[in-house]
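Where a number appears in this text, it was derived from the coordinates with a stated rule and is not lab data. If you're wondering where the values come from, they're calculated on a predicted model, not measured in any experiment. When we count neighbours, we look across all protein chains shown, and the Cβ atoms used for this are built from the backbone with ideal geometry, even at glycine.
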Amino acid sequence: MAYSRTILRGASLVVVLALLAGTIYWRVRPDPEAEAQASGGSETQAEVVQSVQEQFNTEIPQPVRGVAAVQDTLWISVNANGRAAAIRSVMLTAQVEGRVAQVSVEENQYVGEGELVVLVDTAEFALEVAAKAAALRKTEADYQARVLFDEEIEDDEVRASRDRFARSSTGLDQAEVEHRRALLELEKTAVQAPFGGRVADLKVVVGQLVRAGDELLTLVDLSPIKVELQALGTEVVNLEEGRVATLTVTAFPDTTFTGRIRTINPVIDPTNNTARVTVHLPNRDGRIKPGMFAEAELQARNFPDRILVPRAAVLERGDRRTMLFVFEEGRAQWRYVTTGLENEEFVELVEGDEDWVAPGEVVLVDGHHYLTHDAAVQLVDDPAAAGGRPSR
């Protein structure tokens, strides 16, 4: 009986352990769905790893853009701001008193030199001319009666003296003056353009009473148009008349205008340490209006026969040394270089203890920031579109 109890205890222990083992297995066994998800995640992770490996694999050509180094003139420019103004502008005023009989123009209309723009009623002035003409004819008759037989006088001095006396006593000189003045007043009723230009600020209408000196309109000459810039006194010394100016007008941000420096004011304004620089621009279509704001880049000093590369080509690595990549037989070869003068677009390379870049060699300007020396590269127009890493 004692033996049977021992057997029973052992069997019970085996059963308990089997149940415990089954429970543990059930809880820790792999989930088929989780295994599937883990399998998919592993594939995605593998793709990412492969992409990263491809980007940093120096044997897989990376898309880059290159530009040839050139030997050319380096222009150092001066930047300045200012506003456009008419090359010529005049306020036309009434020269006589009267009512406006005709307005021949509208604002922004172009008129040629000598064209009629405003006419004051001529009736009273024409009558005055007629009256002065009649008075002159009467005076001339009186004068002729006084000197009727003077041509028979042989002495020239005596004849001249009698002529002067006759003109004075009859009032012929005064009558001639008054007639010419009346004609001049009649001419003043017609206001004409003193030069070709566009009408601005028209102030009168037909029937309006004007007095001498009243403003009628403004005439502006906009072709060419001038832009008055303010350049720093420390930079204006590098400018010269006749040099090229490249301008951007705020009203036309996508258009670049090219003109030339016409004048440079020799006086520096002490309040802001600037000098006025006037640039002339072609403006036949009248797009640029007086008062428009403009930003200009003015050619200043020039340095011929310099080796130039785009600014984007030049990099600095951790040791703060200046370098760039040169494209050689499908690979990016870095070269340490010494830079000199620069402008907004180009950097000068100067000879020194560093490597040299010859004119015509292709330097990398985009997609090259993360390259290593001797990495395989492929020249393309757009590294980003080709799957590369564009510049920062």
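Considering only C-alpha atoms, what is the centroid distance from region 100-121 to region 191-216, in Å?
Between the Cα centres of region 100-121 and region 191-216 lies a distance of 7 Å.
Under 21 Å Cα-Cα from Lys289, which lysines qualify once same-chain neighbours fewer than 8 residues away are excluded?
Lys203, Lys226
For region 309-362, which chymotrypsin sites (Phe, Trp or Tyr not before Pro) pass both filters: DSSP loop (anything but H, G, I, E, B) and at most 11 other C-beta atoms within 10 Å?
Counting only loop positions with at most 11 other Cβ atoms within 10 Å, none of the chymotrypsin sites (Phe, Trp or Tyr not before Pro) in region 309-362 qualifies.
If Lys and Arg each add +1 and Asp and Glu each add -1, what is the summed charge of the other residues whose beta carbon sits under 12 Å from the beta carbon of Leu222? Don't jump to the answer; show the numbers that get you there.
Values: positive: Arg88, Arg198, Lys226, Arg284, Arg287, Lys289; negative: Asp221, Asp285.
Every neighbour counted, the sum reads +4.
Show which aspartates and glutamates lie in cross-link reach of Lys138 when reach means a straight Cα distance below 13 angstrom and same-chain residues fewer than eight apart are skipped.
Correct list for Lys138: Asp173, Glu176.
Within 10 Å of each candidate Cβ there may be at most 16 other Cβ atoms; applying that plus a DSSP loop requirement, which chymotrypsin sites (Phe, Trp or Tyr not before Pro) in region 142-216 survive?
Phe149, Phe195
Are there any trypsin sites (Lys or Arg not before Pro) in region 193-253 that are in a DSSP loop and have at most 10 other Cβ atoms within 10 Å? List them by number. Don't jump to the answer; show the numbers that get you there.
Working: sites: Arg198, Lys203, Arg211, Lys226, Arg243; in loops: Lys203, Arg211, Arg243.
Counting only loop positions with at most 10 other Cβ atoms within 10 Å, the trypsin sites (Lys or Arg not before Pro) in region 193-253 are Arg211.
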